[in-house]
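Data block below; observations after.
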Amino acid sequence: MVFDFNSDLAQEYGIYKNEAAYEIANYMSSVNISAGFHAGDPLSIKQALEFAKNRNLAVGAHIGYPDISGFGYRNMDLKEDEIEAMVIYQLGAISAYANTLSMEIEHVRCHGAMYEKLNNDPEFAKNVARAVKKFNPWLNLIVGNPEIKTAVEKEVQINCSYEVLFNETMSVRQLREMSVVPDTIHFATLENAKRAYDVIKPTPINYNRVKEQI
């Protein structure tokens, strides 16, 4: 059974660096690059993209609310057109920079409060998905709720990947035995990444074909 491992990069800004994220990314097959709203400045985005290219990792845009000071953890009540503008702006930033390195983004992962709302508010998730689809209908939206994943795919007609957050109590065997098998696994700590990597080597999955490969 094929698994994709993903983690976040460019979760930094200015003098505030996060070198530990690169240690985790060494064990990944995909990385989500912060797009500048909750974290990520031009130099950190460049560094993250170059890191991914040198290691042949799939890249995606890691988007969040415009909340640098709160690191994207504060919820915002936005209108549909505001959501669309926010999403497309961030996708454009990562995509444009990726193009300068002859790379393409393949997926979108939300951050912090935006991630929580995506996985608990079907209408919000659909609005985000519509914005992603308007930017590029071949991009894949990472979703951590299988019911919302199904609703978004059915109503918006865009591919989604079901994600599970790997924690200290989980094992790769448990992932394989889940009633809904995840498409991608998210890692936030080096210890968990190493532990999972010792059992199975992740495969860089083209998110546009993820259903056929799992």
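At a glance:
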{"read-out": "Qualifying residue in region 124-135 (condition: open to solvent by 30 Å² or more (accessible area, probe 1.4 Å), of a type outside the set (D, E, K, R) and not in a helix (DSSP H, G or I))", "value": "no"}
{"read-out": "Pair list, Cβ < 7 Å and 6+ apart or interchain, from region 48-76 residues that are assigned to a loop (DSSP other than H, G, I, E, B) to residues that are open to solvent by less than 70 Å² (accessible area, probe 1.4 Å) and of a type in the set (D, E, K, R)", "value": "ARG74/ASP67; ASN75/LYS117"}
{"read-out": "Residues (within 25 Å of LEU190 (Cβ to Cβ) and either among the small types (Gly, Ala, Ser) or touching a strand residue (DSSP E or B) at 6+ places or on another chain (Cβ under 8 Å) (or both)) located in region 144-167", "value": "GLY144, SER161, TYR162, GLU163, VAL164, LEU165, PHE166"}
{"read-out": "Inter-residue pairs, beta-carbon under 8 Å, first under 19 Å from LYS53 (Cβ atoms) and in region 95-118, second part of a helix (DSSP H, G or I) and open to solvent by 40 Å² or more (accessible area, probe 1.4 Å), 6+ apart", "value": "SER95/PHE135; TYR97/PRO42; TYR97/LYS46; LEU101/GLU50; LEU101/LYS53; MET103/LYS53; GLU106/ASN208"}
{"read-out": "Filter pass, LEU175 being surrounded by 12 or more Cβ atoms within 10 Å (Cβ to Cβ) and closer than 18 Å to TYR115 by Cβ", "value": "no"}
{"read-out": "Hits in region 63-81 (condition: more than 24 Å from LYS53 (Cβ to Cβ), surrounded by 19 or more Cβ atoms within 10 Å (Cβ to Cβ) and not small (Gly, Ala, Ser))", "value": "TYR65, ASP67"}
{"read-out": "Yes/no for ILE200 being β-branched (Val, Ile, Thr) and farther than 29 Å from VAL87 by Cα", "value": "yes"}
{"read-out": "Residues of region 148-189 satisfying the condition of being among the polar types (S, T, N, Q) and part of a helix (DSSP H, G or I)", "value": "THR150, GLN174"}
{"read-out": "Filter pass, ASN192 being polar (S, T, N, Q) and part of a loop (DSSP other than H, G, I, E, B)", "value": "no"}
{"read-out": "Some residue of region 82-103 being within 25 Å of LYS201 (Cα to Cα) and open to solvent by 10 Å² or more (accessible area, probe 1.4 Å)", "value": "yes"}
{"read-out": "When residues of region 195-207 are limited to those that are in contact with a helix residue (DSSP H, G or I) (Cβ under 7 Å, 6 or more places away or on another chain) and either open to solvent by 20 Å² or more (accessible area, probe 1.4 Å) or assigned to a loop (DSSP other than H, G, I, E, B) (or both), the one modelled with the lowest pLDDT", "value": "ILE205"}
{"read-out": "Residue check for PRO202: more than 19 Å from SER7 (Cβ to Cβ) and of a type outside the set (Phe, Trp, Tyr)", "value": "no"}
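Yes/no per residue for (1) open to solvent by less than 10 Å² (accessible area, probe 1.4 Å); (2) touching a Cys at 6+ places or on another chain (Cβ under 6 Å); (3) farther than 30 Å from VAL180 by Cβ:
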{"residue": "PHE3", "(1), (2), (3)": "yes, no, no"}
{"residue": "SER7", "(1), (2), (3)": "yes, no, no"}
{"residue": "GLN11", "(1), (2), (3)": "no, no, no"}
{"residue": "ILE24", "(1), (2), (3)": "no, no, no"}
{"residue": "LEU43", "(1), (2), (3)": "no, no, yes"}
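The values are calculated or read from the model by the stated rules, or taken from the named source; none is laboratory data. Keep in mind that this is a model prediction, so the values were computed, not measured. Counting neighbours? That spans all protein chains shown, and the Cβs are built from the backbone with ideal geometry, glycine included. Just the protein is used for accessible areas: all its heavy atoms, side chains included, with ligands, DNA and RNA removed. Shrake-Rupley method; radii C 1.70, N 1.55, O 1.52, S 1.80 Å.
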